[in-house]
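Working notes for the structure below.
Here, each number is a calculation from the coordinates, and none is a lab measurement. These figures come from a predicted structure and were not determined experimentally. No Cβ is skipped: glycine too gets one built from the backbone with ideal geometry, and neighbour counts run over all protein chains shown.
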Amino acid sequence: MSELAPQRVREAFAGMWNEILGAYPADDDDFFESGGGSMELVTLLVVVGERFDVSMSIDELFPDDFTFHVGVRAIAAAMRVGAAE
């Protein structure tokens, strides 16, 4: 698996967020406050897994809260772990 630069992770994740919720996020945007529900969250998790080639639980994608920047950090960390395996 190739590791994407953090900016590319951010841009790709923002695109996925937009596909599912219909709006591009700011760093502090909360998934649920932006209109997401549990079904959209599961969809986001599946899309993240497919596009970044990572396997993550909801708690791994959003370990602290459901804000965009937390998800970006979690995806980047999961990709680093996957690349090291």
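Picking from residues in the stretch 1-33 that are of a type in the set (S, T, N, Q) and over 18 Å from residue 73 (Cβ atoms), the one that is surrounded by the most Cβ atoms within 10 Å (Cβ to Cβ) is 18. In the stretch 54-65, the condition of being surrounded by fewer than 18 Cβ atoms within 10 Å (Cβ to Cβ) and of a type in the set (Val, Ile, Thr) is met by at least one residue. For the stretch 16-50, the set of residues classified as in contact (Cβ under 8 Å) with a residue 12 or more places away in the chain and hydroxyl-bearing (Ser, Thr, Tyr) consists of 34, 43, listed by residue number.
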